[in-house]
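Throughout, read-outs are computed from the coordinates displayed, never taken from laboratory work. As the structure is a prediction and not an experimental result, all values here were calculated from the model. Positions of Cβ are generated from backbone atoms using ideal geometry, with glycine treated the same way; all protein chains shown enter the neighbour counts.
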Amino acid sequence: MLDNFMGFFRRQLEVVNALGCTSNRTASITGQEDVTLYKKIAYVSLLDCFASLRFHKAAYGQLFRQNNKRFTRFMGECAGWRVGGLISLAFLSDRLPKASSDGRLAKHINKKLTNLGNSFGDTVSAEDVDEEPEGLLELASTETEEEAVLSTLFHNVQIPQQFGPSSKAPRWGRGVVGRRSN
C-alpha cells in the first residue's frame, strides 16, 4: 500500500517535470513558450499536499488551518529546505523605508538586484541574490532597517524551538532555488 502511495506521487512529479507547451494558432502560442513558472506552481502545490498529509487535521488541527506555517514547518522539518534561513533581497528592498535609500544596506541590495533578469517566470540561484541575515544586519544602520531584514526571512519563517540549531533538523543555509531560465 505504501508503495502505491509513493508511486502515485512519483508519477505526479514526472508529469509536472514533463509539462510543456504545444502550438495553438488561435491563441497565438508557438509551442516554444517557457513553462518554468507553471512548473514551479505545480511543484509547490505538490509540496503543500505533502505538508497537509504530514500535519493532518486530526493530529494538528490548529496548524492544519494555517497554511503558511504548515508549509514552512514542513519545508524546515521534512524537506531539507536549504534556503529557508536566507533573506530575499527583492523583498527586503521593498520593505526598506524610503529614508534608507542612500544607506549602505540599500546600495548593497540595489547593486545585487540590478543584475537580475526580470522576465516572466525567470528563476535565479539563491547564491546570486539571497543572503544570510548576519551580513545584512552588519550593513543596517538603523533599527528600522534591522527590523526589515529580520522580517524578510523567507515567509518570515518562525522556526519552532524544537527545530532550532541544536535539533536534528537540517541546517538551513545556502542552496539553489532554481536555475536560470532554459
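Structure notes:
- The charge dipole of region 1-120, taken about the Cα centre with unit charges on the Cβ atoms of Lys, Arg (+1) and Asp, Glu (-1), comes to about 440 debye, rounded to the nearest 20.
- Lysines with Cα under 18 Å of K57, excluding same-chain neighbours fewer than 8 positions away: K69
- Straight-distance candidates among the lysines for linking to K111, with alpha-carbon spacing under 30 Å and chain neighbours fewer than 8 residues away dropped: K39, K40, K98.
- Derived scalar couplings between HN and Hα for region 15-22 equal 5, 4, 4, 8, 4, x, 10, 10 Hz in order, rounded to whole Hz, by the Karplus curve 6.51 cos²θ - 1.76 cosθ + 1.60 (θ = phi - 60°), x for Gly and Pro.
- Cα gyration tensor, region 1-109 - rounded (a/c under 1.5), prolate or oblate: oblate
- Normalised contact order of region 40-110, rounded percent, pairs of Cα under 8 Å and 6 or more residues apart: 19 percent
- Amide H partners (placed H, <5 Å) of I87, local residues excluded: E131, E132
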